[in-house]
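The values are calculated or read from the model by the stated rules, or taken from the named source; none is laboratory data. Note that the coordinates shown come from a computational prediction; the quantities given were computed from them, not determined experimentally. Using ideal geometry, Cβ is built from the backbone for each residue, glycine included, and neighbour counts are taken over all protein chains shown.
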Amino acid sequence: MSQLLPSPFHERRLSGPAPILLQPQMAGAAIGKELHTHPEGQFYFATQGLIVVETALGRCVMPPGRLGWIPPLLAHGARVIGSRKGHAADGLVGFSLYLLPALCAQFPAEPVVLALSDILRAILLRMQSWPQHQALGGAERRLLDVFIDEIHAAQPEPLRLRMPQERRLATLAATIAADPADDTPLEQWEQRLGMSRRTITRHFRAETGMSIVEWRQVARLQRALEMLGDGDSVTSVAITLGYDSVSSFIALFRRVLGTTPTKFLAPANRS
């Protein structure tokens, strides 16, 4: 898990009577986005490449076809891993939708990645034609209400890692995130952390919602997505991340994410 800057800068996105703002995200502005906050809540989605968002609470990796959520005032950094076609260096990589804090109370208090349904995709496409920084009309407001209802119905995807906050467990998680192929046994971690195996496993699950094995599995999948997004082959990814074979990597990928690595990263050009 990469280290975020200690002092985030604050940005305000909305002005005037508008309750929302939909903005295109260009690769040149999005790659390497420094740690920052904004009073608005933010939904974001990729049209190509991967968007990686890191916070003190955890890390989300979002390919095309998914919708990410950042709560208001949560410090976060973002970067884009370009498409294999090479267009992400200077082109459109996605969109961000900012919402007034008053609209955000019903959304999760932590970052999450959601499935992007056809209805959500169609509404986001319609929002691109709305005038910016203006109050919404009746039809627009009703469509925003449908958008909010669809967000509640959207299914979360296993693309987020929650970081434990206890110092020693955070060290363990950061080590796994830095090298997901490392299978250091818990017996060694007992000595390193000065904690019993039972205490490590119980508190790690309590803080992250996952066992250490499950957490490492998601960390490997996140790293796999980044490597695939950078153009590495499926074979190279499987070997680098320590899978027993290419077929076992593909099988695990399909079991957790519902499709093959190649199909999963297909550009979402319907946005």
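Scan segment 188-204 and tell me whether some residue there is outside the structural domain of THR47 (by TED's automatic domain parsing), surrounded by fewer than 15 Cβ atoms within 10 Å (Cβ to Cβ) and in contact (Cβ under 8 Å) with a residue 60 or more places away in the chain. Walk me through it before giving the result.
Of the residues in segment 188-204, the ones outside the structural domain of THR47 (by TED's automatic domain parsing) are 188-204.
This time we only want the ones that are surrounded by fewer than 15 Cβ atoms within 10 Å (Cβ to Cβ), so: 188, 191-192, 194, 196-199, 202.
With the extra rule that they be in contact (Cβ under 8 Å) with a residue 60 or more places away in the chain, the set shrinks to none.
No, that holds for no residue.
Checked against (1) under 30 Å from ARG121 (Cα atoms); (2) of a type in the set (A, V, I, L, M); (3) modelled with pLDDT of 90 or more, ILE176 meets all criteria but (1). Taken over segment 1-48, the criterion of being over 23 Å from LEU125 (Cβ atoms), modelled with pLDDT under 85 and among the hydroxyl-bearing types (Ser, Thr, Tyr) is satisfied by SER2, SER7, SER15.
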